[in-house]
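Following: one structure in structure tokens, then a few remarks.
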Amino acid sequence: MTAATEPGRRILTLDVLRGVAVMGIFSVNVVGFAMPDPAYLNPAAYGGATGVNLAVWALNFILIDNKMRCLFSLLFGASLLLVAERAEAAGRSPAAVHYSRMFWLLVFGVLHFYLVWDGDILSLYAPIGMVAYAFRRLPPERLVAAAIVFLLMDAAVMVELWRDFAAGEAAAHAPGASATAILQWRSQGESLIPPAPADLARDLAAYRGGWSGMLAHRWADDALDPVTNLILAGPQTLGLMLLGMAGLRSGFLTGAWDASRYRRIILVGLAVGLPAHASLAWWMWHSGFPGALVFAGHFLFAMPFFYLQAAAYAAAIILLARRGGALVARLAAVGRAAFSNYLGTSLIASGLFFGFGLGLYGRFDRLEAWLVAPLLWALMLLWSKPWLDRWRYGPFEWLWRSLARGRPQPMRR
């Protein structure tokens, strides 16, 4: 047993990485709960784009956005490979175990998307995880090669989308632009630009009202989003999952590499990634946050840099996990209960912001909304370890495992 592992066949580094990732993801997701959709990418759309509100957006863009999602995707790929290999070693069908897990994860994701929050990622991970299983026997170098192909596919899609957005934006802002061109651009860039007053009023009314009205609004506006996300984000997500499988198989994610290799990754990733993201943040702000640049800044121009930065974060967290200690133990517990923490933060945040709860949707500026994040980080760190000291799984992990295996699983330690 190395310093990166612990008894019970848990891999400590994976748990700690997953814990940091699920906490970091909520730092950007909280805006999606608190404000209309365009605010997630564009601070000029809602919530304040000056002073401390601009600083909160910039820090999240530079440090968190996309990087934690990358980590989460890597870890999902590593975990599905680990589950399949352990099922096979135990004499069970790895395909049956895997596809049962992915089927029930998809059920959770669809319910989460339509009934709780339309920023769900599980409805993307489950079908992509089904595809990723086909690559599980490849050696690390071939997994990396396949991942690069899918990541390049994603880059090509993003280039075409950016060109389309930019052309629509130019047509809408040209002298004498027709009403049709302007309406088409508003429809095309609805998640990138400040909403029209009527659209904003409708959105605020829906999310500050009752649950049935919110669902009707979501069904009318976002019903096909899980399919759209699968098409647009699928290649990148698959590529990252394959890199996670390679990271597990090569020993990178388990902490088996020499510390000097991890330190080199940290140095390169941060030395390149941080200045690049800071430059992109300045460019978007200095340009006034035009929709096409907001899209490209998040999903195209930043792409190579958030991959590097995510790798640097992974390496730094792995070195932290080697040191152990109370914080590492707490983070590992958050990671072991990541499914419960992810869904739990959605339930709490929707209760805070949506109309069936406190109805605070659209009433906070960006800083005020973001301050909910450290409160929920503290809650994750506080409850996860005591719970797992007594019980085998987090509550949603237990439900997922029981459904996938077709019978209730033993819960008490």
Query raised in the report: Cα-based Rg of the chain per 2.2 N^0.38 Å, rounded to two decimals?
Result: 0.98
Requested in this report: For segment 299-344, just say rounded, prolate or oblate: build the C-alpha gyration tensor, square-root its eigenvalues into a ≥ b ≥ c, call rounded for a/c under 1.5, and beyond that prolate if a/b exceeds b/c, oblate if not.
Outcome: oblate
Query raised in the report: Magnitude of the Cβ-charge dipole of the chain, K/R +1 and D/E -1, about the Cα centre, nearest 20 debye?
Result: 1980 debye
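How much length would be gained if the chain were fully extended between Val272 and Ser287, taking 0.36 nm per residue of separation minus their Cα-Cα distance, in nm to one decimal?
Numbers: separation 15, 0.36 × 15 = 5.40 nm, distance 2.28 nm.
Between Val272 and Ser287, full extension yields an extra 3.1 nm.
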**Report entry** Cα centre as origin, Lys/Arg/Asp/Glu Cβ charges: segment 80-139 dipole, Debye
**Finding:** 280 debye
Query raised in the report: Helix hunt in the chain: which complete DSSP H runs extend at least 24 Å axially by C-alpha with mean Kyte-Doolittle at least 1.0?
Result: 12-34, 94-111, 303-323
Report summary line: From the Cα centre of segment 71-109 to that of segment 111-184, the distance in Å is 24 Å
Query raised in the report: Can you give the extra length, in nm with one decimal, that the chain gains between Met153 and Leu230 once fully stretched, where that is 0.36 nm per residue apart less the Cα-Cα distance?
Result: 26.4 nm
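Using Cα pairs closer than 8 Å and at least 6 residues apart in sequence, work out the relative contact order for the chain, in percent.
It comes to 31 percent, rounded to a whole number.
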Report task. Pick out which of Thr237, Thr254, Thr50 has the largest mean-square fluctuation in a Gaussian network model of the chain, springs linking Cα atoms closer than 10 Å. Result -> Thr50
Query raised in the report: So how compact is segment 122-257: Cα radius of gyration and Dmax in angstrom?
Result: 20.4, 62
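Can you tell me the dipole magnitude for segment 157-314 around its Cα centre, using point charges on the Cβ only (Lys, Arg +1; Asp, Glu -1), in Debye to the nearest 20? The partial results should precede the final answer.
Values: 9 positive and 10 negative charges, 115 e Å.
Dipole about the Cα centre, nearest 20: 560 debye.
Rounded, prolate or oblate: which fits segment 153-220, taking a ≥ b ≥ c as square roots of the Cα gyration tensor eigenvalues, rounded meaning a/c under 1.5, else prolate when a/b beats b/c? Please list the in-between numbers first.
Working: a/c = 3.58, a/b = 1.56, b/c = 2.30.
Oblate is the answer for segment 153-220, as a/c is 1.5 or above yet b/c matches or exceeds a/b.
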Query raised in the report: Among Gly189, Val157, Ala329, whose Cα lies farthest out toward the positive end of the dipole of the chain, if unit charges sit on the beta carbon of Lys, Arg (+1) and Asp, Glu (-1)?
Result: Ala329
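Between rounded, prolate and oblate, where does segment 292-401 land on the alpha carbon gyration tensor, with a ≥ b ≥ c its root eigenvalues, rounded for a/c under 1.5, else prolate if a/b exceeds b/c? List each step's numbers first, then the result.
Values: a/c = 2.00, a/b = 1.09, b/c = 1.84.
The shape class here is oblate.
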Report summary line: The rounded separation in angstrom of the Cα centers of segment 299-346 and segment 233-268 is 12 Å
Query - Highest-MSF residue in the chain out of Ala39, Ala146, Ala201 [GNM, Cα springs under 10 Å] - result: Ala201
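Add -39500 (n - 2.57) for each DSSP H run of 4 or more in the chain, then divide by its residues: what number comes out at 222 nm, to the nearest 500 deg cm²/dmol?
Values: 18 runs with 302 residues, N = 413.
The helix-only estimate for the chain comes to -24500 deg cm²/dmol at 222 nm.
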**Report entry** Filtered trypsin sites (Lys or Arg not before Pro), segment 292-353: DSSP coil and at most 16 other beta carbons within 10 Å
**Finding:** none
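Since every read-out is calculated from the coordinates, none of them should be taken as a lab result. None of the values given here were measured: they were computed from a predicted structure. Heads up, the Cβs are rebuilt from the backbone with ideal geometry, glycines too, and the neighbour counts pull from every protein chain shown.
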